[in-house]
Amino acid sequence: MKVRFIKHLRGGGDRDAERVYRWHIDRRRYANAKIGLGMDSKGSTDNYVAAAYQLCASMGNAGFIARFAIPVDVDGVLLDGSHRLACAIVYGIDAIPVITYRGRRAHAPPWDFEWFFSKGMPRDDLVQTVSDLVALIDTRRHQDPVK
């Protein structure tokens, strides 16, 4: 859904992208607070939207800035940087700087289909989100064929 929102910010004209993105951020912020996890310094959903606009513009102008490498745990699970990753995907940036934290593991629960379903995501939005994911996987598969 972040990829969908970033595509919209680049002029994709998806009138539902921001609504679905806001829904996701609102639920995620609430779920994290409920289990004692903070999100970060962005604070509000409006700030997340503003930061996504800024990130999209920055990456469009300067590409992926290496000093903002995406942190992952020892298993390659994101610790942070999902918006940076979404922007890189939309801009077609293949070389994404990553830093592995060997002594850390991701602490947040997975944001999988079951999570979105259990939080009450409307059916049409669930269908679109799954469709977007399948298209993204298919696109990546065609870009990186097994030799």
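The values are calculated or read from the model by the stated rules, or taken from the named source; none is laboratory data. The structure displayed is predicted, hence computed values, not measured ones. Please note: Cβ atoms are built from the backbone with ideal geometry, for glycine as well, and neighbour counts cover all protein chains shown.
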- [ ] For the stretch 72-84, name all the residues that are modelled with pLDDT under 95 and either buried (at least 16 other Cβ atoms within 10 Å of the Cβ) or assigned to a helix (DSSP H, G or I) (or both).
- [x] VAL72, ASP73, LEU79, GLY81, SER82, HIS83
- [ ] Residue by residue through the stretch 2-29, note down the ones that are more than 14 Å from the chain's Cα centre (by Cα) and among the small types (Gly, Ala, Ser).
- [x] GLY11, GLY12, GLY13
Open item on the list: Here are the criteria: (1) of a type in the set (Gly, Ala, Ser); (2) modelled with pLDDT under 90; (3) assigned to a helix (DSSP H, G or I). Tell me which single one ALA106 does not satisfy.
Closed with: (3)
- [ ] Starting from the stretch 132-147, keep only residues that are within 28 Å of VAL20 (Cα to Cα), then list their pairs with residues that are modelled with pLDDT of 60 or more whose Cβ atoms are within a distance under 6 Å, requiring at least 6 positions of separation or different chains.
- [x] ASP132/ARG4
Task: Hits in the stretch 89-98 (condition: among the aliphatic types (A, V, I, L, M) and either loosely packed, with under 12 Cβ neighbours inside 10 Å or touching a helix residue (DSSP H, G or I) at 6+ places or on another chain (Cβ under 7 Å) (or both)) - done: ILE89, VAL90, ALA95, ILE96
TODO: Please verify whether the stretch 51-60 includes one or more residues that are polar (S, T, N, Q), part of a helix (DSSP H, G or I), at pLDDT 90 or above and surrounded by 14 or more Cβ atoms within 10 Å (Cβ to Cβ).
DONE: yes
Task: Total residues in the stretch 61-71, condition in contact with a Gly (Cβ under 9 Å, 6 or more places away or on another chain) and not in a helix (DSSP H, G or I) - done: 3
TODO: Scan the stretch 46-66 and report the pairs whose first residue is touching a residue at least 12 places away in the same chain (Cβ under 8 Å) and within 22 Å of VAL98 (Cβ to Cβ) and whose second residue is assigned to a helix (DSSP H, G or I) and of a type in the set (Ser, Thr, Tyr), with Cβ atoms within less than 8 Å and a gap of 6+ or a chain change.
DONE: ALA52/TYR21
Task: Odd one out for GLU114 among (1) in contact with a Phe, Trp or Tyr (Cβ under 9 Å, 6 or more places away or on another chain); (2) assigned to a helix (DSSP H, G or I) - done: (1)
